[in-house]
Amino acid sequence: MVSENIKAITDFVFIENTFDEIKKSDLVIVLCNNSIGNLAKVIDRLYKDNKIDKKTKVVLSGASGMLDDGLEKEAIRLSNMLINEYGYDKELFILECEATNIYENLLFSKNIVKSFESYNNIIMVGAAFALRRIKMCASRLDYPVDKIQFLGTIDDRNISKEEWWKDDLSKKRVYEEIERIGKYLVKGDLDIK
């Protein structure tokens, strides 16, 4: 049985839609991270399950974060994996290669998204434990949050909605995420609307 406190933290931090809840979308924004392989599997599944198609705009956003400093930019690594290992066409992906954090992912992607004529549904893909902060950043940057479906990925640390409290490192990362939300709110990078 899960304690009331664990449930409260889980409900606050982990806000993702289940894969089955995701509706067909015409825009995907992927906030890249070090788990390129897991991100590629999610994008491949979105295509295979007809949640997106070749007309869908797919923005891959990310330079590098703390975990992969010095490596090729995350968006490029993800694009290369999708092209070389999954067989997707290069033209399907729009790369944003400057962002080094969630706020920048959304800020720099917004400039790309503005160039699109229109979109009805958005899938925003990111680390499952960071989706609350992603949503709050998106709101701050005036994304149409009511059109966004949040799809979480699980990295090699297995920080998932179902398991995060069972491992000390995962617990620490979730607690750090709550702390970051507070710091970003004070800084003005997040919105609570």
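The values are calculated or read from the model by the stated rules, or taken from the named source; none is laboratory data. Since the structure is predicted, the reported quantities are computational estimates derived from the model, not experimental observations. Every residue, glycine among them, receives a Cβ derived from its backbone with ideal geometry; neighbour counts consider all protein chains shown. Accessible surface areas use protein heavy atoms only, side chains included; no ligands, DNA or RNA. Shrake-Rupley method; radii C 1.70, N 1.55, O 1.52, S 1.80 Å.
Hey, can you tell me all the residues within region 135-164 that are in a helix (DSSP H, G or I), of a type in the set (A, V, I, L, M) and under 19 Å from E21 (Cα atoms)? Let's see the steps before the verdict.
Within region 135-164, the subset in a helix (DSSP H, G or I) is 135-140, 145-147, 164.
Next, only the ones that are of a type in the set (A, V, I, L, M) stay: 136, 138, 145.
Passing the criteria: only V145.
Which count do you get for residues in region 112-134 that are under 15 Å from the mean Cα position of the chain (by Cα) and outside any strand (DSSP E or B)? Explain how you work it out, then say what you get.
So the first thing to find is which residues in region 112-134 are under 15 Å from the mean Cα position of the chain (by Cα), and the list is 122-134.
The next check asks that each one be outside any strand (DSSP E or B); those that pass are 128-134.
Within region 112-134, residues that are under 15 Å from the mean Cα position of the chain (by Cα) and outside any strand (DSSP E or B) number 7.
What are the pairs with Cβ atoms under 7 angstrom where one residue, in region 37-57, is without any contact (Cβ under 8 Å) to a residue 40 or more places away in the chain and the other, located anywhere, is of a type in the set (G, A, S) and in a loop (DSSP other than H, G, I, E, B)? Sequence gap at least six, or different chains.
Pairs that qualify, where the first residue is without any contact (Cβ under 8 Å) to a residue 40 or more places away in the chain and the partner is of a type in the set (G, A, S) and in a loop (DSSP other than H, G, I, E, B), are T56/S25.
Sort through S25, S109 and tell me the only one that's open to solvent by less than 50 Å² (accessible area, probe 1.4 Å), in a helix (DSSP H, G or I) and of a type in the set (S, T, N, Q). Reasoning before the result, please.
On the way: S25 fails: in a helix (DSSP H, G or I).
Exactly one residue qualifies, and that residue is S109.
Starting from residues that are exposed (fewer than 13 other Cβ atoms within 10 Å of the Cβ) and in contact with a helix residue (DSSP H, G or I) (Cβ under 8 Å, 6 or more places away or on another chain), keep the ones in region 28-59 and report whichever is modelled with the lowest pLDDT.
As a first pass, look at region 28-59 and keep what is exposed (fewer than 13 other Cβ atoms within 10 Å of the Cβ): 48-50, 53-55.
Among the residues that remain, those that are also in contact with a helix residue (DSSP H, G or I) (Cβ under 8 Å, 6 or more places away or on another chain) are: 49, 53-54.
On the way: D49: 96, D53: 94, K54: 91.
The residue in question is K54.
Hey, could you check region 164-180 for residues that are aliphatic (A, V, I, L, M) and under 13 Å from F14 (Cα atoms) and say which is surrounded by the most Cβ atoms within 10 Å (Cβ to Cβ)? I'd like the intermediate steps shown before the answer.
Restricting attention to region 164-180, the residues satisfying the condition of being aliphatic (A, V, I, L, M) are 169, 174, 178.
Next, from what is left, pick out any that are under 13 Å from F14 (Cα atoms): 174, 178.
Values: V174: 20, I178: 14.
Among those that are aliphatic (A, V, I, L, M) and under 13 Å from F14 (Cα atoms), it is V174.
All but one of (1) more than 26 Å from V2 (Cβ to Cβ); (2) open to solvent by less than 70 Å² (accessible area, probe 1.4 Å) hold for K147, so report the exception by its number.
(2)
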